Amino acid sequence: MRAWILRRYGSVDDLELRDVPMPTFRDEHELLVRVRHSSVNPADRHNLRPPVFLRGGQGFLRPKEGRIGLDLAGRVEGVGTAVRGIQVGDEVFGVGRGAFGEFAVADETQVATPPARLSSEQAAAVPIAATTALQALRDHANVGPGQRVLVNGAAGGVGTFAVQIARALGAEVSAVCSTRNVALVQSLGAIRVFDYTREDFTRSGERYDVILDMQVNHSLRAFRRALKPGGLLLVVGAGQGSITRILLGLIGRTIASKFVGPRTKFFIAKVRRDDLVVLAEMLQDGRVTPVIDHRYPLDHVPDALRELIGGHARGKIVVTV
Ligand SMILES: NC(=O)c1ccc[n+]([C@@H]2O[C@H](COP(=O)([O-])OP(=O)(O)OC[C@H]3O[C@@H](n4cnc5c(N)ncnc54)[C@H](OP(=O)(O)O)[C@@H]3O)[C@@H](O)[C@H]2O)c1
């Protein structure tokens, strides 16, 4: 089978498309998926050069297996002896190990049945980005009807899902993106869209219950100005930059916010079957629709990653395997 392999920790240039053995199960709860589509995420980019303290089982000095790619949609080709409720021949979407390859391995708790309304490439756009948006809004910000939510970074993978999911939860949504994406973000349900090249939302006089921040490009003071008293700054990401820089910046901000406000939280999403099922319902009834920017064939995974690293992907970038 063909798969992209990371030869050494470094950059996109250290990836190589190779013929490799079929992946094997780590335990009996895993399944083998023939990948039809994958999509790229900032996590894939961080996995090219994870900080030493996060290398854990992947090899400290150089990658042990080097298979990369997380989001997937495809057909189950094999199941571990303890897997329940999923059979060979089923279609699944979720995350796995080595999704930038013809076959990947996934844990049974991290995949679900894709909604019938979606194509395979749409299903592959969902797992990490939509799970992040759902867990942020529903679990960490407790967003509900009537709340005012602002999504900073609304045109990207997480942002395009966040605008739609916040609306589905009953919130009134405002959003921030660049000029070329204003119409797209409006079409997703944002009632007010700030074009950050022309207007600073923190100086608009508008105030929100929740700001979902994917960029960390304003001071805590500015965010506080844009939040209602007691409002929450939920930091999901920090745009581009190395994972170490992002984590240190986020930890620093979270600590500083204890002294100067506003109420600030940071979290790491985890893809779980239960949440994929919730998302599948929203996707099936049309409350949420994936936005796909560009599509790349398997041979061009490095180009897909380069586009993501450029920082201006519109919705999701999909890989056709
Ligand atoms: N905490 C977690 O568990 C978790 C999970 C997933 C992702 N993340 C993080 O969340 C962040 C977003 O992820 P993603 O998948 O959405 O990334 P992405 O798809 O690469 O985001 C790209 C988007 O960022 C927007 N953007 C760039 N500069 C901006 C600015 N100054 N103001 C507002 N928007 C701007 C771009 O819009 P324009 O082209 O219009 O500028 C583009 O649409 C990343 O930092 C990622 O690492 C965290």
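Summary of computed values
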item	result
Helix-only mean residue ellipticity at 222 nm for the chain, each DSSP H run of n ≥ 4 adding -39500 (n - 2.57), per residue, nearest 500	-7000 deg cm²/dmol
Listed residues 118, 176, 70: farthest to the positive end of the dipole of the chain (Cβ charges)	176
Stokes-Einstein translational diffusion, the chain - Kirkwood Rh over all Cα pairs, 1.002 mPa s, 20 °C, in µm²/s	107
Virtual paramagnetic centre 7 Å along Cα→Cβ of residue 195, amide N under 20 Å, in the stretch 299-321	312-315
Within the accessible area of the stretch 129-266 (1.4 Å probe), percent carbon and sulfur	53
Relative frequency of Cα-Cα separations exceeding 28 Å in the stretch 129-266, percent	8
Under-5 Å amide H pairs with residue 147, H placed in peptide plane, nonlocal only	172
Potential lengthening between residue 186 and residue 64 on full extension [0.36 nm per residue; Cα-Cα distance subtracted]	39.5 nm
Amide H contacts of residue 204 (H built 1.01 Å from N, under 5 Å, at least 5 apart or other chain)	none
Extension reserve of the residue 142-residue 204 stretch, reckoned as 0.36 nm per residue once the Cα distance is removed	19.9 nm
Surface accessible to a 1.4 Å probe, per residue, for the residues of the stretch 1-158, Å²	41
Of the trypsin sites (Lys or Arg not before Pro) in the stretch 1-62, those whose Cβ has at most 13 other Cβ within 10 Å and which sit in DSSP loop	7, 8, 26
In degrees, nearest ten, helix 273-284 long axis to first principal axis of the chain (Cα)	70
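The values are calculated or read from the model by the stated rules, or taken from the named source; none is laboratory data. Because the structure is predicted, anything quoted here is derived from the model rather than measured. Note: ideal-geometry Cβ built from the backbone for every residue, glycine included; neighbour counts use all protein chains shown. Calculation scope for accessible area: heavy atoms of the full protein, side chains included, ligands and nucleic acids excluded. Shrake-Rupley method; radii C 1.70, N 1.55, O 1.52, S 1.80 Å.
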